[in-house]
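This report refers to the structure that appears directly beneath it.
Please treat every number below as a calculation from the coordinates, not as lab data. Keep in mind that what you see is a predicted model, and the values were worked out from it rather than measured. As a convention, Cβ positions derive from the backbone with ideal geometry for all residues, glycine included, and neighbour counts pool all protein chains shown.
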Amino acid sequence: MFNAKTKNENAISAGSGSGATLIGAGTILKGDIKSENDLRIDGTVIGNINSSAKVIIGTSGLVEGDISGVQADVVGKVVGNIRAKELLQLKGESEVTGNIYAGNLQIEPSATFNGQCHMGANIVEISKNEQQAVAK
């Protein structure tokens, strides 16, 4: 009874209010996150992030999983693919290991990116549709 786990037990849904959600430094979260509001991560997330708003990975933030959102700012570290429908910014000493799908991309000289880059609004939508088709 208590050992039976469903796939959605580890998923967190944030966004019933109108404010941003913060995962503070020193916090480790294992599981997927779905948010309808802005999301700022200064801790560690091991899982995928799906937001219909902006995702910000702070300087102490670490994400091991895929990120999908309208906009994304990365100052910390991401190991996984990033999909930003509008603008993706890699700032400061950020480190991204994975593929990028973005409508627009801005990378500062001090940022590190290892992976493939696909740009344009159509690319982000096509990639998302292909991913959904594979999941079925």
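Might you report the magnitude of the Cβ-based charge dipole of the range 15-117 about its Cα centre, with Lys and Arg at +1 and Asp and Glu at -1, to the nearest 20 debye? Each step should come with its number before you reach the end.
Working: 8 positive and 11 negative charges, 26 e Å.
Rounded to the nearest 20 debye, it is 120 debye.
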Taking Cα pairs under 8 Å and at least six residues apart, what relative contact order does the range 34-100 come out at, in percent? 25
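What shape does the range 27-82 have by the C-alpha gyration tensor, where a ≥ b ≥ c are the square roots of the eigenvalues, rounded means a/c under 1.5, and otherwise prolate means a/b greater than b/c and oblate the rest? It would help to have the intermediate numbers written out before the result.
On the way: a/c = 1.42, a/b = 1.20, b/c = 1.18.
It comes out rounded by the Cα gyration axes.
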